[in-house]
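Here the structure comes first, spelled out in structure tokens, and everything after it is commentary.
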Amino acid sequence: MKFGIIQFPGSNCDLDKLWVLRDVLKQEARYIWHKDTDIGDLDCIVVPGGFSYGDYLRTGAIARFSPVMKAVADHAAKGKLVIGICNGFQILCEAGLLPGALLRNRSLQFRCEHVFIRIETQKSPFTCLACGNQIMRIPVAHGEGCYFADPATIAEMKKNNEILFRYVDARGRVVDTASPNGSVENIAGICNKARNVCGMMPHPERASEDELGGADGRIVWESILNHLGGVERVHESVLAGGR
Amino acid sequence: MTDPIITPEIIADHGITPEEFERIKGVLGREPNFTELGIFSVMWSEHCSYKNSKPVLKTFPTKGPQILVGAGEENAGVTDIGDGWAISFKIESHNHPSAVEPFQGAATGVGGILRDIFTMGARPILNMNSLRFGPIDGDDETARRNKRLFAGVVGGIAHYGNCVGVPTIGGEVYFDESYEGNPLLNALCLGLLRHEQIARGAAKGTGNPVFYVGPATGRDGLAGAAFASRELTEESHEDRPAVQVGDPFMEKLVLEAVLELLQTDAVVGIQDMGAAGLTCSTCETASRAGTGIEIDLALVPQREPGMTPYEIMLSESQERMLVIVQKGREAEVQRIFDKWDLPSAEIGFVTDTGLMRVKNHGKVVAEIPAAKLANDAPVYYREAKEPSYFAKTRAWKISDLPPLNDPQKVLPELLASPSVASKNWVYRQYDHMVQTRTVVCPGSDAAVVRLKLSSPPAKDRYLAITTDCNGTYCYLDPYTGGAIAVAEACRNIVCSGGRPLAATDNLNFGNPMKPEIFFQVLKAAEGISKACRTFKTPITGGNVSFYNESPTGAIDPTPVIGMVGIIDDIAHITTQWFKNHGDVIILAGNAVDTADPYLGLGGSEYAKRLHHVKAGLPPRIDLPTEKKLQDAVLALIRDGKIKSAHDCSEGGLAVTLAECCISKHPGRNTSALIGAKADLSAFASGTRLDALLFGEAQSRIVLSVAKENADAVVAKLKSQGVPAAVIGTVGGAALEIKAGKTACKWSVADLYDGWWYSIARKMA
């Protein structure tokens, strides 16, 4: 499958995405420069994490005006896949491709740690291989990951089953303390109504190899591959405790 | 604006002595003008010239087959790690700026060390930091100030490192009264490169153009190097303009552009504008190449109008680089700057005059022999005198310490002591996983990263890295403290499964003009040198920070050691926490050092925290004994026999055992506790209970092994001349320690709670 990873000035998870897609999952993957307007033929666009444009003004607020974002919107409008992770999620919200916004963490501090998230639905290209409400152990690293949308939007999202991931405790319960940022309803990741655009704060690329203490994040990539080409699960995901 | 007339007062204000002024006149053959005086003052400051520390630094072992670029040759050393790969790493202080403006002071400290590394052509793959603050217990004004400094420094490191996308994977934090008003921030960066990628900071080739890259020059950070070379006073906050403001986003662009630039062969030489900014980068590059350099300040991008040559030359505005380009390749270089939207300007060219000639709109404003400016700062052999406080600290006897009656209460108290407690409040603010290299996250003896040298499933290689220094030990005996800093750093590497490779040092001391301080410097360096020779870990470079004094006095001598080790196979990677119920706990090394008159309690966290005593002598270190221990344990790890290994340090054996039970942390609000039963009765007779439980005797490692391997491991250690004994088993929900008639039992959940949340509670 063909993946394109956008590089904004200040992106810093672009290399990690390339590594996991090209070197670990052996897919065709290449960078797309933020000034490019023609992105060519791609199956899935990845909007990586980092601090695009220094995250000045507001996270993702400047990146959404990058020339490449028009191509991303066109790609999404065709029903093709887009996944934004961390800063990528923030950018997709700013660009209006996903509902809601990401606010400063409730602690007012950056948080980097392993958290537990629960897959809320298998009905998306990004979670289709999940085993029921599977729990994943996965890293987060952000200062502004507190998801917010007004109650009417949340109600609409629930109706359409757009909430893909929620922060939970190790036993899978949605409790306030499980969230590293104070997100409304513990939301960690969502998709749009058409279900082809996904945004999530946790980093699946940091949890895709056993060497890094767990490979729970592979479920996201493998779901995408499965959706695109009917690839079977290639990895038995484990709820492991790390090294 | 006309320059001021040079008076003795102005000379003194620049920190230049009358003798140094005479020397300057000798170099120039005339009186310097105001701009030149400023240039000399920064280049001949301790920060840039090491004029007070050179004789000491010369004693360090800096050579070895693994060294590709040695200490002091370039911005950072380069060390071979095999197969054509190399690492470049260095530690550097930003203490004074952090004392005055903690957030920006710390942030720009991280920025500076990152530039030193990518200037060498290496991609930075990890950051570490070593921090010291005054105590954060309680809520009085002093504690509140210490907390504010602590929070500011950690926030600044996070702000910068997270944005640049280099993981901050560990370090150390200690709290002690001596750092009140003069906190320490030592930042370490390590980068990865191919041998053929090593870049040099030399201005070669007459006629080659000199480029300035990065944001415009402003009045920030004026003469920061000179500021760093003075004691802090009540008025130091007025020096806030000497603290720079960092822009990590700009740094990230500069980093990517420089690495892309160095992939071409269009670059002849490159150097960052760190301390002493444009001054240092121009004269040093010319000096290294034996050439001259000529620039016109009118071409330098400037943030505000009306800046004088003096200000432009001395500005320490951040994220700027000087690049010397092959003539005729300018357009190629310009394309890369433009791709990254970086401001740049051609500001001059390389000459064969040996002079650093600075013009402003064509008029010469400074003209100084570059090599003399860079290298001919006076070198001082300062007077050293044994500190008079030794008489007092050494008059203290272990019998002055009341016997330990209730160890039950002591262990939780030590675990909650901020210097011992979990530092998760700190490292959870650092992105420690970006770049997907981090195999062992912060919280074990050393952090471990993979190098990603080839795609999976091919075999990869790993680095273990740690920083260490116990300032209290160094205060009580600088030689021993220096040696222990190296020994403990190596021990941490070994416990993680690595073989120590090379080190970087950051010497933090008070005012070296004071003979008692210089004594500390000399002795600590002697201890470091001796230990580095024992472990065959050359010093690849580092930094000296003097004048760390606040109105209440000098800091404890703090020579921080950053140590890197290589792990050849993923199977060798070892963590400190106990793994499985039924595993056997082995102590490698002597439980108590009976040859130590203080039995390991001198300078211990126990003596400081429980009895408010900072006296006696630090634990003894016998380097050959330590080496034997480390070699034997590493061999066992490589043999696959060891499930966990944890170095015994602050808080002694009881704290070490507790940490083995409580330090595995799978995720947010989720611990992975495991109990243990230890019986120390065999060592209890004829010694003090406090020494046995909380003494900090060196050369000890707590291991856990599968039951069936226990006898063989003990036998193997003994055959290598390492004392070893089975002291317990892993399992249960409590930590139980028996020592003769004393028996204690702690719930591991309670121990964990006090240890994990201690700092967060104090900072709430």
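The values are calculated or read from the model by the stated rules, or taken from the named source; none is laboratory data. What you are looking at is a predicted structure, and each value in this text was computed from that prediction instead of being measured. All Cβ positions, even for glycine, are placed from backbone atoms using ideal geometry, and neighbour counts span all protein chains on display. In case anyone asks, the SASA skips ligands and DNA or RNA and just uses the protein heavy atoms, side chains included. Shrake-Rupley method; radii C 1.70, N 1.55, O 1.52, S 1.80 Å.
Expressed as a whole percentage, what fraction of the accessible surface of chain B belongs to carbon and sulfur atoms when a 1.4 Å probe is rolled over the protein heavy atoms? Please list the in-between numbers first.
Working: 12710 of 24650 Å².
In chain B, the share of accessible area belonging to carbon and sulfur is 52 percent.
Over 26 Å between Cα atoms: which of B:Lys530/B:Lys579; B:Lys25/B:Lys58; B:Lys677/B:Lys707 fall into that group?
Long pairs (Cα-Cα over 26 Å): B:Lys530/B:Lys579; B:Lys25/B:Lys58.
Compute the length gained on full extension between A:Asp210 and A:Arg171: take 0.36 nm times their separation in residues and subtract their Cα-Cα distance, giving the result in nm to one decimal.
Here the segment from A:Asp210 to A:Arg171 would lengthen by 11.9 nm.
Work out the FRET efficiency for B:Asp3 and B:Thr206 from their Cβ-Cβ distance, taking R0 = 30 Å, and round it to the nearest 0.05. Please list the in-between numbers first.
On the way: r = 31 Å, r/R0 = 1.03.
That pair, B:Asp3 with B:Thr206, gives E of 0.45.
Report the FRET efficiency, 1/(1 + (r/R0)^6), for B:Arg303 and B:Glu260, where r is their Cβ-Cβ distance and R0 is 41 Å, rounded to 0.05.
The pair B:Arg303/B:Glu260 has a calculated efficiency of 0.95.
Counting only helical runs of four or more DSSP H residues, what would the 222 nm mean residue ellipticity of chain A come to if each run contributes -39,500 (n - 2.57) and the total is spread over all its residues?
Details: 5 runs with 44 residues, N = 243.
-5000 deg cm²/dmol, from helical runs alone.
Across chain A, where is the longest run that never hits GluC sites (Glu not before Pro) in a DSSP loop with at most 15 other C-beta atoms within 10 Å?
A:1-231
Kindly report the accessible area of region B:460-565 per residue (heavy atoms of protein chains, probe 1.4 Å, no ligands, DNA or RNA), in Å². Write down the numbers at each step before the final one.
Values: 1900 Å² over 106 residues.
Normalised by residue count, the accessible surface of region B:460-565 is 18 Å².
Hey, what's region B:278-400 come to in accessible area per residue, 1.4 Å probe, Å²?
On the way: 5250 Å² over 123 residues.
Solvent-accessible surface per residue comes out at 43 Å².
Rounded to the nearest 500, what is the 222 nm mean residue ellipticity of chain B from helices alone, with -39500 (n - 2.57) per DSSP H run of 4+ residues and division by all residues?
Value at 222 nm, helices only, nearest 500: -10000 deg cm²/dmol.
Just checking the output field for B:203-211: average partner chain Cβ neighbours within 10 Å of each residue's Cβ?
The mean count of partner-chain Cβ atoms within 10 Å per residue comes to 0.
Using the alpha-carbon centroid of each, what span in Å lies between region B:478-507 and region B:72-138?
Using only Cα atoms to place each centre, the spacing works out to 17 Å.
Specify which residue in the list B:Gly138, A:Gln122, B:Gln244 is farthest towards the positive end of the charge dipole of the protein assembly as shown, using unit charges on the beta carbon of Lys, Arg (+1) and Asp, Glu (-1), about the Cα centre.
Value: A:Gln122.
Find, among the trypsin sites (Lys or Arg not before Pro) in region B:438-506, those assigned to loop by DSSP (not H, G, I, E, B) with at most 13 other beta-carbon atoms within 10 angstrom.
B:Lys459
Averaged over A:104-113, how many beta carbons belonging to a partner chain fall within 10 Å of each residue's beta carbon?
The shielding value for this peptide is 5.
When only DSSP loop residues count, what chymotrypsin sites (Phe, Trp or Tyr not before Pro) in region B:359-425 have their Cβ near at most 14 other Cβ atoms within 10 Å?
B:Tyr381
How much accessible surface area, in Å² rounded to 10, belongs to the heavy atoms of B:Arg668 with a 1.4 Å probe?
Accessible surface of B:Arg668 is approximately 50 Å².
Under the 0.36 nm per residue contour assumption, what length would be gained going from the current alpha-carbon distance of B:Ala395 and B:His611 to full extension?
Additional length available on full extension: 76.1 nm.
Which residues of region A:210-224 show a drop of at least 40 Å² in accessible area when all protein chains are present, compared with their chain alone (probe radius 1.4 Å, heavy atoms only, ligands and nucleic acids excluded)?
Relative to the lone chain, where solvent access is computed with a 1.4 Å probe, region A:210-224 loses at least 40 Å² at A:Glu211, A:Leu212.
Between region B:148-222 and region A:70-102, what is the separation of their alpha carbon centroids in Å?
Going from one Cα centre to the other spans 34 Å.
If you average the sequence gap of Cα pairs under 8 Å that are 6 or more apart and divide by the length of region B:1-158, what percent do you get for the contact order?
Rounded, it is 14 percent for region B:1-158.
How much area per residue is accessible in region B:5-150 when the probe is 1.4 Å and only protein heavy atoms are counted (Å²)? The partial results should precede the final answer.
Working: 4820 Å² over 146 residues.
For region B:5-150, the per-residue accessible area is 33 Å².
Does the protein assembly as shown classify as rounded, prolate or oblate by the C-alpha gyration tensor (a ≥ b ≥ c root eigenvalues; a/c under 1.5 gives rounded; else a/b over b/c gives prolate, otherwise oblate)?
Verdict is oblate for the protein assembly as shown.
Does anyone have the angle between helix B:277-289 and the longest principal axis of chain B? Alpha-carbon axes, 0 to 90°, nearest 10?
Taking the Cα atoms of chain B, the angle to B:277-289 is about 90 degrees.
Roughly how big is the A-B contact, given as buried accessible area in Å² (both sides, 1.4 Å probe, nearest 100)?
Its buried surface, counting both partners, is about 3600 Å².
Cβ neighbours within 10 Å, averaged per peptide: list B:612-625, B:337-350 in order, most packed at the top. Walk me through the intermediate numbers first.
On the way: B:612-625: 19.8, B:337-350: 18.1.
With the highest mean Cβ count within 10 Å placed first, the list reads B:612-625, B:337-350.
Among the aspartates and glutamates, which have Cα under 15 Å from the Cα of A:Lys158 when same-chain residues fewer than 8 positions away are ignored?
The reachable aspartates and glutamates, counting only those whose Cα sits under 15 Å from A:Lys158, are A:Glu120, A:Asp150, A:Glu185.
State whether region B:41-133 is rounded, prolate or oblate according to the following rule on the C-alpha gyration tensor (a ≥ b ≥ c being the square roots of its eigenvalues): a/c under 1.5 gives rounded; otherwise a/b larger than b/c gives prolate, and the remaining case gives oblate.
Cα axes put region B:41-133 in the oblate bin.
Classify chain A: rounded, prolate or oblate, from the alpha-carbon gyration tensor (a ≥ b ≥ c, eigenvalue square roots; a/c under 1.5 rounded; otherwise prolate if a/b is larger than b/c)?
Cα axes put chain A in the rounded bin.
Calculate one ³J(HN,Hα) per residue across region B:724-738 by plugging θ = phi - 60° into the Karplus curve 6.51 cos²θ - 1.76 cosθ + 1.60, and present them in order as whole Hz with x for glycine and proline.
8, 7, 6, 10, x, 10, 8, x, x, 10, 9, 9, 10, 10, 10
Using only the alpha-carbon atoms, how far is helix B:623-638 inclined from the longest principal axis of chain B? Give it as 0 to 90 degrees, nearest 10.
That helix lies at roughly 80 degrees to the long axis.
Roughly what would the spin-label model give for A:Lys70 and B:Glu708, points 7 Å off Cα along C-beta, in nm?
The modelled label-to-label distance comes out at 6.9 nm.
If I model a spin label at B:Lys718 and B:Ser388 as a point 7 Å from the Cα along the Cα→Cβ vector, what separation in nanometres do I get?
5.3
What percent do you get for the relative contact order of chain B when only Cα pairs under 8 Å and 6+ apart count?
RCO, chain B: 14 percent.
Averaged over its residues, how many other protein chain Cβ atoms are within 10 Å of peptide B:434-446's Cβ atoms?
Mean partner shielding for this stretch: 5.
Over what distance in Å are the Cα centres of region B:526-563 and region B:362-389 separated?
Between the Cα centres of region B:526-563 and region B:362-389 lies a distance of 21 Å.
If R0 is 22 Å, what FRET efficiency do you get for B:Gln408 and B:His581 from their C-beta distance, rounded to 0.05?
Working: r = 24 Å, r/R0 = 1.10.
FRET efficiency, B:Gln408 to B:His581: 0.35.
Before anything else, pin down the relative contact order of chain A: Cα pairs under 8 Å, at least 6 apart, normalised by residue count, whole percent.
This gives 18 percent for chain A.
So in chain B, what percent of DSSP beta bridges are antiparallel if you round to the nearest 5?
Taking every DSSP beta bridge with both residues in chain B, the antiparallel ones total about 80 percent.
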